[in-house]
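The values are calculated or read from the model by the stated rules, or taken from the named source; none is laboratory data. Not measured: the values here are computed from a predicted model. Backbone-built Cβ (ideal geometry, glycine too); neighbour counts: all protein chains shown.
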Amino acid sequence: MMQDKKIIASIPKVLKTIDLKGFGRKQQGKVRDFYVLKDKRIIVTTDRQSAFDVILGHIPFKGAVLNSLAAFWFTKTKHIIPNHKISVPHPNVLIAKNCEPIPIEMIVRGYISGVTKTSIWYSYERGERIIYGIRFPDGLKKNQKLPKPVITPTTHGGGKDGHDERLTREEIIKRKLVSEKLYKQMEKTALSLFDFGSKLCKRRGLILVDTKYEFGLVNGKLTLMDEIHTPDSSRFWIAKTYAPRFKKGIEPENFDKEFLRLWYAKKGYRGDGKPPKMSEELIVALAKRYMDVYEKISGKKFKAYTYPIQNEIEKSVQKYVKSK
């Protein structure tokens, strides 16, 4: 595992954004910068750290972990659904197909958990029993496994104040966000991806708690886009300690940004107002967790680089474009 001093030394040099020359106007998501070409796009995953739909800071090597792990999963799941991955010329860069995005995030949950306002547990502990159009029984405990995975869709950052908002299957079809036929395909695919991911994670000693999938259309064909089974889009728990910790009412050992969410929630922050500044200790802990979950899932050692990396990214993209 990388030493703390290397992570700390990298904090001032993290990749906050990227400016590539000759590729038109840069567009930005929460953690990714991208450039749209004719039939593809250049996606650069930065080190920006988001939670509660807010940018909270920057974590060294996070962008490389997210991009590399997503690429791993894209390759592993291409038998289930086509995805937008074309090439990975740099650990932080993905060359992807241009997709027509579907404005729905498909969240699959295997456990009742979470501290965000769109999580099941947030609503359940406040007395709700019909959540996302699904009826949940009384007596459930936080972090309890559900009888079977459920889908809890949300808008894609298009709700009030830019935050994701809860949806139900009926609302999606009634509002014609997508056709009923396409939504059924999205449901089936999301559950298949979750089942595949859960089984692979189990072999690695992890529990895939819940995750987010984003889909788009390429020539009318449903395509997986954005990311898949990363510490930003998913929650992972250590399998061997889950049961004893659950019995004691202790939070599971996690390897994702739930650690960050819990840190902020304890300080009373859930996305509204000015967030507290991330401590150096928190940044180091998060960097280590991201690298650790990459190594656990992929079975590969994370290859760290030396910051800054802007020039290396630009060279790798230019080289890829010239080769095509």
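Regarding the range 209-227, can at least one residue be identified that is under 30 Å from Pro101 (Cα atoms), at pLDDT 95 or above and part of a helix (DSSP H, G or I)? Checking the range 209-227: not a single residue is under 30 Å from Pro101 (Cα atoms), at pLDDT 95 or above and part of a helix (DSSP H, G or I). The set of residues from the range 274-291 being surrounded by 16 or more Cβ atoms within 10 Å (Cβ to Cβ) and farther than 13 Å from Lys62 by Cα comprises Pro275, Met278, Leu282. Residues in the range 28-40 that are in contact (Cβ under 8 Å) with a residue 60 or more places away in the chain, within 14 Å of Val93 (Cβ to Cβ) and outside any loop (DSSP other than H, G, I, E, B): 0 in all. When residues of the range 41-56 are filtered for being more than 16 Å from Ala70 (Cα to Cα) and in a loop (DSSP other than H, G, I, E, B), how many remain? The total comes to 2. Considered as a group, the residues in the range 292-324 that are at pLDDT 95 or above and among the small types (Gly, Ala, Ser) include one that is surrounded by the fewest Cβ atoms within 10 Å (Cβ to Cβ), and that residue is Gly299.
Picking from residues in the range 128-184 that are touching an Asp or Glu at 6+ places or on another chain (Cβ under 7 Å) and part of a strand (DSSP E or B), the one that is modelled with the lowest pLDDT is Thr155.
For a quick check of your reading of the model, give me the residue pairs whose first member lies in the range 41-59 and is under 15 Å from Leu286 (Cα atoms), whose second is modelled with pLDDT under 95 and in a strand (DSSP E or B), with beta-carbon atoms closer than 8 Å and at least 6 apart or on different chains. From residues that are under 15 Å from Leu286 (Cα atoms), the pairs are Arg48/Ile55; Gln49/Ile55; Leu56/Ser50. Among the criteria (1) modelled with pLDDT of 95 or more; (2) under 14 Å from the mean Cα position of the chain (by Cα); (3) among the aromatic types (Phe, Trp, Tyr), the one Phe255 does not fulfil is (1).
Report yes if Arg129 is crowded, with 16+ Cβ neighbours inside 10 Å and charged (D, E, K, R), otherwise no. It is false that Arg129 is crowded, with 16+ Cβ neighbours inside 10 Å and charged (D, E, K, R). Considered as a group, the residues in the range 228-267 that are assigned to a strand (DSSP E or B) and not polar (S, T, N, Q) include one that is surrounded by the fewest Cβ atoms within 10 Å (Cβ to Cβ), and that residue is Ile238. Within the range 1-17, if we keep just the residues that are at pLDDT 95 or above, in contact with a Phe, Trp or Tyr (Cβ under 9 Å, 6 or more places away or on another chain) and part of a loop (DSSP other than H, G, I, E, B), the residue that is surrounded by the most Cβ atoms within 10 Å (Cβ to Cβ) turns out to be Leu15.
For the range 141-157, state whether one or more residues are more than 23 Å from Ala96 (Cα to Cα), of a type outside the set (D, E, K, R) and over 22 Å from the mean Cα position of the chain (by Cα). Within the range 141-157, one or more residues are more than 23 Å from Ala96 (Cα to Cα), of a type outside the set (D, E, K, R) and over 22 Å from the mean Cα position of the chain (by Cα). Annotation: Val218 fulfils all but one of (1) more than 20 Å from Lys145 (Cβ to Cβ); (2) touching a residue at least 24 places away in the same chain (Cβ under 8 Å); (3) buried (at least 19 other Cβ atoms within 10 Å of the Cβ); (4) among the aliphatic types (A, V, I, L, M); the unmet one is (3).
Reported count of residues in the range 295-314, each being outside any loop (DSSP other than H, G, I, E, B) and among the aliphatic types (A, V, I, L, M), is 2.
Kindly indicate whether any position in the range 74-97 is hydrophobic (A, V, I, L, M, F, W, C), touching a helix residue (DSSP H, G or I) at 6+ places or on another chain (Cβ under 6 Å) and not in a strand (DSSP E or B). Yes, some residue in the range 74-97 is hydrophobic (A, V, I, L, M, F, W, C), touching a helix residue (DSSP H, G or I) at 6+ places or on another chain (Cβ under 6 Å) and not in a strand (DSSP E or B).
Only one of the numbered conditions (1) small (Gly, Ala, Ser); (2) in a loop (DSSP other than H, G, I, E, B); (3) loosely packed, with under 13 Cβ neighbours inside 10 Å is not met by Gly271, and that is (3). Pairing each residue of the range 290-301 that is within 13 Å of Leu208 (Cα to Cα) with any residue that is assigned to a helix (DSSP H, G or I), provided the two are 6+ apart or on different chains, yields C-beta distances under 9 Å for Val293/Val65; Val293/Leu69; Lys296/Cys201; Ile297/Leu69; Ile297/Phe72; Ile297/Trp73; Ile297/Leu200; Ile297/Cys201. Number of residues in the range 82-109 that are under 26 Å from Tyr264 (Cβ atoms) and surrounded by fewer than 20 Cβ atoms within 10 Å (Cβ to Cβ) equals 0.
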